[in-house]
Structure formats: structure tokens, C-alpha cells
1. If exposed GluC sites (Glu not before Pro) are those in a DSSP loop with at most 14 other Cβ within 10 Å, what is the longest stretch of the chain that has none?
2. Sort His352, His397, His109, His166 from largest to smallest accessible area, using a 1.4 Å probe on the heavy atoms of the protein chains.
3. Convex hull volume of the Cα atoms in region 307-402, per residue, in Å³?
4. Of Met219, Met193, which has the most accessible area with a 1.4 Å probe, and how do the rest follow in descending order?
5. Would you compute, from DSSP H runs of 4+ residues alone, the mean residue ellipticity of the chain at 222 nm, taking -39500 (n - 2.57) per run and dividing by the full residue count, rounded to the nearest 500?
6. With a point put 7 Å past each Cα toward its Cβ, work out how far Glu331 is from Lys186 in nm, to one decimal.
7. In what order, largest first, do Arg185, Arg242 sit by accessible area if the probe radius is 1.4 Å?
8. Computing the accessible area with a 1.4 Å probe over protein heavy atoms, can you report the carbon and sulfur percentage for region 97-180?
Amino acid sequence: MSLIVKKFGGSSVANKERIFNVARIIVDDYKKGNEVITVVSAQGDTTDDLIEKAREINDGNISKREMDMLLTAGEQISVSLLAIAIEKLGCPVISLLGWQAGFNTDSNHGIARIKNINTERIRSELAKKNIVIVAGFQGINKYDDLTTLGRGGSDTSAVAIAAALHANRCQIYTDVDGVYTADPRKVKGAKKMSEITYDEMLELATLGAQVLNNRSVEMAKKYSVELEVLSSLENKEGTIVRENIEMEKMLIRGVTSDKNVTTISVIGLKDLPGIAFKLFNKLAQFKVNVDMILQSIGRDGTKDISFTVPRDQAQIAIESINSLKPIIKYESITSDDSVSKISVVGAGMESHPGVAAKMFESLYDADINIRMITTSEIRISVLIDESKTDKAVQVVHDAFLG
Ligand code: ADP
Ligand code: ASP
Ligand code: MG
């Protein structure tokens, strides 16, 4: 007997047929004598639709607590419908919301972190031979308020349960049959990987490969939970995410794009020591996540500093710099949303010079201008015009993996 944690994303439970499809996958494993816990996301575009509904009522500042109250409803619908389908198939089942399943989180509404899982209830339901269906993406804080874990957070819910219960397997079912070298829906010639390391998957996920939520990968690595990403619609092998893989170290593992980027430029700063420190120190105090940074060469005693932030932090970034006005002088601040970030990821590039040159050449050949660049040991990212995103991913992918 194995303990198996499965997670099904929104498209996998989008309608009646899909719900029964998922119910059958679960029941199959249960009938083989396994203990099965399943985490589900809200159906289809439910979460987006709920956000839209709230925006119709208030397009200004909505309190994050109320937003969480609203969004957790999406998963309540899908867990109950799935449990009803499993009942119909004749197996014992119980659905649990995040708080019932013991998900205790901090109070950071909208992007809460799991503090611990009290597994008592889940264990007692398993002991009663129930199939357990858990609402993903949600928990409860110490004030008994509902919280959510951030978009795509059901992946993290699944990994957290697998870690807490030392499950034998954690299977993430989705609408593609594994992790590819680029988004298979957008890039011609994207190839499925049979295995990938946590570190490479973490980079891909953080840089825009939506197939796994980056926090879930972080947690899987921390607790050595082996993940399998596979299709809920086709019965075939997926991609395994683990610490060490047998495949040769590939030069480039994948190419990603991320449109959740805004460039902020601070123009006409004094070209003096300490200016960058004061600027970025203030941004850090306001908890702004700065990614790429570009500083112009000083001219006539002034310089410009540009940097990128996630789009929803652009406003707070500008406010935090404005609050520096009495301390540092500058001419103006501008922000630009029409950008995106293209990245290549691969542990092999550490020992191979020329990866950056090859990436830049492929963009040059496609007449795509690079605005900013950042690198780490296993990734190179460039900022480009948003309108050229798909083209850029395709040409960079062709250059390395075509
Ligand atoms: P779910 O609802 O199951 O959580 P998501 O939409 O969050 O599904 O993630 C699956 C999607 O991720 C796929 O439909 C695919 O278009 C996209 N995707 C982006 N990059 C990749 C990649 N490198 N490999 C596989 N899928 C990717
Ligand atoms: N329903 C949530 C979302 O759309 C959580 C998830 O899908 O994992 O972000
Ligand atoms: Mg997802």
C-alpha cells in the first residue's frame, strides 16, 4: 500500500466530464489498495472570474482579507463536486477545505505561507478508508481568517501535504503531459523532458513557466518530495522533478517568458556615491522585489537608474522613491509596462562560455532589441518589447533546442 498525493489543476476539473475523468483516476488508485489524498484547484477560470466580479464592485483598493474570503470559494466548489462524483462511483470519500485539512498559514493575505499542517484530520479520514479531497490554495491564519497562497498555489498545497505525510508519490496532473523545454502551447518544437532537477525547475517556474508554481518546487526540494508532472487526459509518463537526474547535464534546459514586469526609470540622479544604495535600500524597506538593474554612465554630473519589478509592485515602487525626495534629488520617474523578460535556463551553461552571445545573436537576427540583461550561474534573462515576446521565445528556443 502506498500513500499517494495527487493534484489536479483548474482545467482538469473544468466540467462534468473532466470531473468524472479525475474521479476515475483517483478511484483506480484507491481500488489498488492505496491511500489517496487529492488536492484540487478551482474549476477552469473560476479564480479569474471571481477577481473580475470583485473589480466590478470596486476597482480601487480591495482589502486582501475580503479578496481571500472570495477566492477560497472557488476551491470549495471543486472539492465538493469531485467528492460527489466519487460518491457516484461508489467509493467512500470526504472533501475538506484548507482549514479542515489543517493548513495553518501566516497572515499575509493573498500570498500567505504555510506554517504547518495539522495532519490529524486527514490521517483519521484515511484510517476510515476514505478518499480525501482537499481544497488547494487556501489555509487559515491564527485569527481564524481564511488565507490564500498566491496564484497557482494549489501546487504548493499538494507538495506540503506530501511532505507532511511522507507520501510515496506526489503527482501534479495538468493539461499538458509534462514539463517542456518551453511552453508547448506557444513554441513550435518544444520537447518534453523525462526528468529535471529541482534547481532547474525552480528557475523555470520563477522565470515564467507556469506549469509548476515556484514555491511548490522550493518546498519539494526542501523536503525531498519527488514530483511527477503528468496529463490528466492522457495516460502516459510525465516529467519527474528530483534532486539528481541521470540525464546528461544539458547546456540549456528551457526557455521562458514573463510578462509580469514593469520597468521603472529614475532620471537625472546626482552621480555620487551612495545614491544606488539609498534608492534600493528604500525599495527593500517597502518590500519591493527588484529584478534587473541598469545604471547609465554618468554625464554632466547626473545619471539614470532603471530597474524592473513585478507589475503589481510598480505603484508602491514609485511611491517609495517619491518618499526619498527630501534625501536624493532627481528629475523624474517613468514607468513602462510594455516589456517582457525572456530567459534561458540550464545548469550546463556554468561551464560553457558563449551562451549569452548565442542568445543575443538569435534576438539580433530577429531584429529584437535588448533593453536590459541579467545573469546568474544557470540563467540569462533579457528584457525586450512585450509585443515581441512569442517571437523571441521561439527564436531563442530554435537557437539552443531546435
Ligand atoms: P493547472 O491549471 O493544471 O495548474 P496551469 O495553467 O497552471 O495548469 O499550467 C499548465 C500550463 O503551463 C500549460 O497549459 C502550458 O501552457 C503552460 N506552460 C508554460 N511553460 C511550460 C513548460 N515549460 N512546460 C509545460 N507547460 C508549460
Ligand atoms: N485557483 C487558484 C488560481 O487560479 C490556485 C491554483 O490554480 O493553483 O491561482
Ligand atoms: Mg497551475
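The values are calculated or read from the model by the stated rules, or taken from the named source; none is laboratory data. Everything numeric in this text was worked out from a predicted model, so none of it was measured. Note that we place each Cβ from the backbone using ideal geometry, even for glycine, and neighbour counts take in every protein chain shown. Note: areas computed on protein heavy atoms with side chains; ligands, DNA, RNA excluded. Shrake-Rupley method; radii C 1.70, N 1.55, O 1.52, S 1.80 Å.
1. Result for the longest clean stretch: 1-233.
2. His166, His352, His109, His397
3. For region 307-402, the hull spanned by Cα atoms encloses 128 Å³ per residue.
4. Met219, Met193
5. Computed mean residue ellipticity for the chain: -10500 deg cm²/dmol.
6. 3.5 nm
7. So, going from the largest accessible area down, we get Arg185, Arg242.
8. Carbon and sulfur atoms account for 46 percent of the accessible area of region 97-180.
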